[in-house]
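Reading through the structure tokens given below for one structure.
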């Protein structure tokens, strides 16, 4: 009998959702880079990170989308949720209101995918909750009669690196079920630095959605951080970067205008990576 030693590759997209300021970006940066910044700027659009796990005969590329939580960007954020295989729904343990909004984030996730999606509830800023003697309780009734009631719940602190890996591992374990006969083995991990991209969009511009779809495809190959800028809300940034047509992206000091130029994004990232490796 011939044994099959071929390694299967699976890509899985997960999204990180929650109110602005709950610590989503701090959480994922601790997970990817093992760092913590006290004064991290609020995510304005989207950050994409890549982490790859290798199990026996199985390789899983986890594409993590850190989505902005501002209400003003919620319509744009809905586009980012499509195709999610799982999600971490984050709330601040020191902010009851952020927990109350979890069902709303779940509904956005369900609406974007037309189905229930596996989730893990993540309480953040455990260090602050403990130091201020805040009880680590939550009201199940506020989650309604949804899969949220049965979801895993974990308390974390990006600052002290408490349960951060464990939180992501909970969702990873759900995603690899059935893919491998050894899902509980500790995987080898491959990490990648991310490249910053500024993505300028204009309201109701249909080409911006086409550009976003292309950026998403590129994000499956390269770790990127995408800051989406609505020029109607941020006219100063539009002027500062000399943006006059849409969609426009800026990457590595280069400005790509329109779908034709943006279609070369993958080639540019490849060149940038090759240049970094040779330097």
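Where a number appears in this text, it was derived from the coordinates with a stated rule and is not lab data. Since the model is a prediction, treat every value here as computed from it, not as a measurement. Glycine also receives a Cβ, built like all others from the backbone with ideal geometry; neighbour counts cover every protein chain displayed.
Some observations on this one:
- Distance cut-off 23 Å, percentage of C-alpha pairs in the stretch 195-278 lying past it: 18
- Packing-based ranking of 258-264, 209-215, 155-161 yields 155-161, 209-215, 258-264, ordered from highest to lowest mean Cβ neighbour count within 10 Å.
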